[in-house]
Amino acid sequence: MAPFLKRLLQISQFVLSPIMGTPDTHSLPAFRLLIKPIFDLNNTSPQAPYLAICMTLLSPQVGIGGELFSLPLVIGNVPSQQYDSDALEASDESGSLDLQIQDNGNVRSWIVQRTIVGEVVVKFNALPRAVNPDTAPGPRVDLREQFGGLLGVGSSFLPLPSDRDPTNHYRCSLQWDLSQSPEGTRAVWSFGDGPGPIERVGSLSILRDSVVAVGPLKSLLDPLVDATAKSFNVYWFGNPEFDVVHFGKDSQALYEHMSTFFGEPSSETNSYRIFLRNSPRGMGGMAFQRSFIYEYDKNVLRLESNIFPVVAHEMVHNWPLLGKEVDGSDQDVDTSDESWYSEGIANYYSMVLPYQFGLRDKAYVKKQFDGCLSGYYTSPVINMSNSEANRLSWEEPNALRLRYNRGFTYLLKVGAQLREKSKGKTTLDTVVLELLERKRSGQSYKLKDWLEIVRRELGQSKVDEYYEMANGKLVIPQTDVLPPEYGMRLVRQDQETLELGFNARSINDRVVSGLKQGTRASEAGLKDGDKILESGFSWEVGDDYTATMNMVVQRPPGPAGKEISISYWPRTYEKVECYQMEEI
């Protein structure tokens, strides 16, 4: 038997072991969502379509002065619906239910003013966010109009209880009312096609971290004629510039392999749905419950080679994660200190698994490894601590990428240490799948559990290395970061540090600020105050050592301004310690 197939069989036997039984669902608290899209059927109004939502909470146990539900005001750098006091209409079996708004930091809460009797019904409208080419990229959660349809994520428009404990289960159902929708309208949730109702049991993340899409949707597979559409599908609006059918088939093959590798073979229960979101500006993805959103803009053909790695990365997020510590986070994005693991391991498996599955060649592995390693070692914020990088993730683009690249590099180091000490019997896969099995069986799978495994397998000194990494100390793996069958080793190849030459936030703000004299940017002619009309992405030049920063600016800003094209290599003149992969 081939080594990979033998290892895959061992992994499958491990992760498919019996797990603890599910709770009696009839005794669980329940949430029912009825979503009615409102379209202008007569084309008489310029108003964009919106969602009229009716949410039913079955006998919530909330007393006078207690919080019924809450919603973050901002998620990363993306505003939520921010409903005001008149936006929500609540009632229970005694009639109208008065709710008082209370803001605390980034959280808006709705407070109960009298005793609740029976079930609570809340009605409200969710409107699509207006965006334009100056809208900064951020978490892909906001409700947006898409070629006559709507696409969004629950975290931005659903007020829900603040309960983020993954062990607290609820019965969550979603149903669509398409009576105010044009003929041919399709409605999809992360967990299924069609009007429903569709029910899932689990934490409130089922509603908070899932995608809804409605309108003139197109899909890779037709659920009316293809049974596999119940386990996998890709959805889009309009006519994307890239080959979505090839994209869909490539993604489907990857999911079928990857879901088996992680012990959850593709099925109606273990389904996966990809939603494409067109944007005036933004390229990338974001994972949600059993789904993810791939965002693309007019640069998609130029950056088409980056699509598959993003898909693979976001797909991995279905499985290996560390549970969040109770840290009082008030944003529905991963800004916890555990994100080094979730992002680092997603980077790692997005590179090695496609090769192991025969979907990509060795050159793909080397290119992705080199990009990630270069992104780490040449980062201008390489000494920033994990906690600081997490806090600044949606303000400082370099901090956001540091979470991914440092976590990846650290995991490479731990994987090599595990193989060396155990003489190949214990690998990074072994530890990752042990944590995944703990998650499935209802056991703790947090940072402390990772560290306990590291202590068990490698000793206290390697636990100390974790804390050094988290505090910003340079991570240098050993030479044999990959098993011999890859035919590659890690070698030192110093490179110039990434240097945009101006405040990195300018890319999102669309106005150049903080220009540094003597940098390649200033020497190319860039000036403070230039209005940015076009530019490369921070991640594009950060993870590609050879990439050029190409910009079109307007000087002076405004109708009388002149458009100026500027290109330069966004690197310093001095090199720093860096490592790359070398074929042997």
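The values are calculated or read from the model by the stated rules, or taken from the named source; none is laboratory data. Everything quoted here is computed from the prediction, not taken from an experiment. In this analysis, Cβ positions are derived from the backbone assuming ideal geometry, glycine residues included, and neighbour counts consider all displayed protein chains. These area figures cover heavy atoms from the full protein model, side chains too; ligands, DNA and RNA do not enter into them. Shrake-Rupley method; radii C 1.70, N 1.55, O 1.52, S 1.80 Å.
Any idea how far the Cα center of the stretch 74-142 sits from the one of the stretch 282-308, in Å?
After rounding, the separation between the Cα centres reads 28 Å.
Over the stretch 83-146, one equal point on each Cα, no solvent: what is log10 I(q)/I(0) by the Debye formula at q = 0.19 Å⁻¹?
Computed log10 I(q)/I(0) values: -0.86.
Using only Cα atoms, locate the centre of the stretch 383-420 and the centre of the stretch 433-468, then give the distance between them in Å, rounded to an integer.
17 Å
Would you mind calculating the relative contact order of the chain from Cα pairs under 8 angstrom and at least 6 residues apart, reporting the percent as a whole number?
Dividing the mean separation by the residue count of the chain yields 11 percent.
Based on DSSP H runs of at least 4 residues, each adding -39500 (n - 2.57), what is the mean residue ellipticity at 222 nm of the chain after dividing by all its residues, to the nearest 500 deg cm²/dmol?
It comes out at -8500 deg cm²/dmol, rounded to the nearest 500.
Answer with one residue from G152, N104, N299: the one whose Cα lies farthest towards the positive end of the charge dipole of the chain, charges on Cβ with Lys, Arg +1 and Asp, Glu -1.
N299
Quick one: 3J(HN,Hα) in Hz for the stretch 179-184, Karplus 6.51/-1.76/1.60 with θ = phi - 60°, rounded, Gly and Pro as x.
5, 10, 10, x, 4, x
Among [x] 24.5, 75; [y] 23.1, 73; [z] 31.0, 106, which is the computed Rg and Dmax of the Cα atoms in Å?
Computed from the coordinates, Rg and Dmax of the Cα atoms in Å corresponds to [x].
Heavy-atom accessible area per residue, the stretch 232-280, 1.4 Å probe: how many Å²?
33 Å²
Check cross-link reach from K366 to the lysines: straight Cα distance under 21 Å, and skip same-chain residues fewer than eight apart.
Candidates past the 8-residue exclusion: K413.
Using modelled amide H (1.01 Å from N, peptide plane; none on Pro or chain starts), what sits under 5 Å from the amide H of S80, excluding residues fewer than 5 places away?
It is V74, I75, by chain and number.
Residue by residue through the stretch 164-175, what is 3J(HN,Hα) from phi via Karplus (6.51 cos²θ - 1.76 cosθ + 1.60, θ = phi - 60°)? Round to whole Hz and write x for glycine and proline.
10, 6, x, 8, 8, 9, 9, 8, 10, 10, 9, 9
Restricting things to Cα coordinates, could you compute the convex hull volume per residue of the stretch 248-306 in Å³?
Per-residue hull volume (Cα only) is 90 Å³.
As I understand it, the dipole of the chain uses +1 on the Cβ of Lys and Arg and -1 on the Cβ of Asp and Glu, about the Cα centre. Which of L418, G196, V122 lies farthest toward its positive end?
L418
Show the residues, 5+ positions off or on another chain, whose built amide H is closer than 5 Å to the amide H of Y294.
Those qualifying (amide H under 5 Å, at least 5 residues apart or on another chain) are F275, L276, R277.
Give the cross-link partners of K462 among the aspartates and glutamates, using a straight C-alpha distance below 15 Å as the criterion and excluding same-chain residues fewer than 8 apart.
E420, D449, E452
Of the heavy-atom accessible surface of the chain (probe 1.4 angstrom), what whole percent is carbon and sulfur?
In the chain, the share of accessible area belonging to carbon and sulfur is 50 percent.
How large is Rg over Rh for the stretch 397-447, taking Rg from the Cα atoms and Rh as the Kirkwood inverse mean of 1/r across Cα pairs?
Here the Rg-to-Rh quotient is 1.09.
K527: which lysines have alpha carbons under 20 Å from its alpha carbon, excluding same-chain residues fewer than 8 sequence positions away?
Reachable lysines: K516, K562.
Only Cα pairs under 8 Å and at least 6 apart count here; give the relative contact order of the stretch 332-480 as a rounded whole percent.
Reported as a whole number, the value is 28 percent.
Choose one of N233, F31, P354: the residue whose Cα lies farthest towards the positive end of the charge dipole of the chain (beta-carbon charges +1 Lys, Arg; -1 Asp, Glu; about the Cα centre).
P354
With an 8 Å Cα cut-off and a minimum separation of 6 or more residues, compute the relative contact order for the stretch 203-277 in percent.
Rounded, it is 34 percent for the stretch 203-277.
Looking at the chain only, what percent of DSSP beta bridges run antiparallel? Nearest 5 please.
DSSP beta bridges in the chain are roughly 85 percent antiparallel.
Taking θ as phi - 60°, what are the ³J(HN,Hα) couplings along the stretch 409-422 by the Karplus curve (6.51, -1.76, 1.60), each to the nearest whole Hz, with x for Gly and Pro?
5, 4, 5, 4, 5, 5, x, 5, 5, 5, 4, 5, 5, 8
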